[in-house]
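Okay, so here's the structure we're looking at.
The values are calculated or read from the model by the stated rules, or taken from the named source; none is laboratory data. As the structure is a prediction and not an experimental result, all values here were calculated from the model. Cβ placement follows ideal geometry from the backbone for every residue including glycine, while neighbour counts extend to all protein chains displayed. Ligands, DNA and RNA are stripped out before the accessible areas are found, and what is left, the full protein with its side chains, is counted by its heavy atoms. Shrake-Rupley method; radii C 1.70, N 1.55, O 1.52, S 1.80 Å.
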Amino acid sequence: MIYTNFREIDKAGRIVISKDIRRHLNINPGDVLQINADDEQITIRKAEAKCVFCNAQESLTPFKDKHICDSCLAKLREQ
């Protein structure tokens, strides 16, 4: 299903993502969104959890709003 909304940018440069789109994409308060722009369009997507050191997406441990994979965590413990 494709959701389409038209939103006006407010004076602070913000837009509102409608509740139906947030629910469909499981976007919640505090989630991080990745915003990309090229010459003609802006793309907004929910950022995936990745290791802050190597960008791995599996076996992650949360730490202060960041994620660390098991491999990098083991290397940190060795030091």
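Per-residue extension of 0.36 nm, minus the Cα-Cα distance of GLN79 and TYR3, leaves a gain of 22.5 nm for this segment. On the beta carbon distance between LYS46 and ALA12, with R0 = 35 Å, the FRET formula returns roughly 0.95.
For the chain, the longest piece that avoids every one of the trypsin sites (Lys or Arg not before Pro) found in DSSP loops with at most 13 other C-beta atoms within 10 Å covers 15-63.
What spacing in nm lies between the two simple spin-label points modelled at GLU58 and ASP31, each 7 Å away from Cα in the Cβ direction? Output for this residue pair reads 2.4 nm.
Once you've got the Cα coordinates, tell me which of LYS11/LYS66; LYS11/LYS64; LYS46/LYS66 are over 26 Å apart. Before the final figure, lay out the partial values.
On the way: LYS11/LYS66 31 Å; LYS11/LYS64 32 Å; LYS46/LYS66 15 Å.
Exceeds cut-off: LYS11/LYS66; LYS11/LYS64.
For the chain, which whole percent of the accessible surface, found with a 1.4 angstrom probe, sits on carbon and sulfur atoms?
On the way: 3680 of 7340 Å².
So the carbon and sulfur contribution to the accessible surface is 50 percent.
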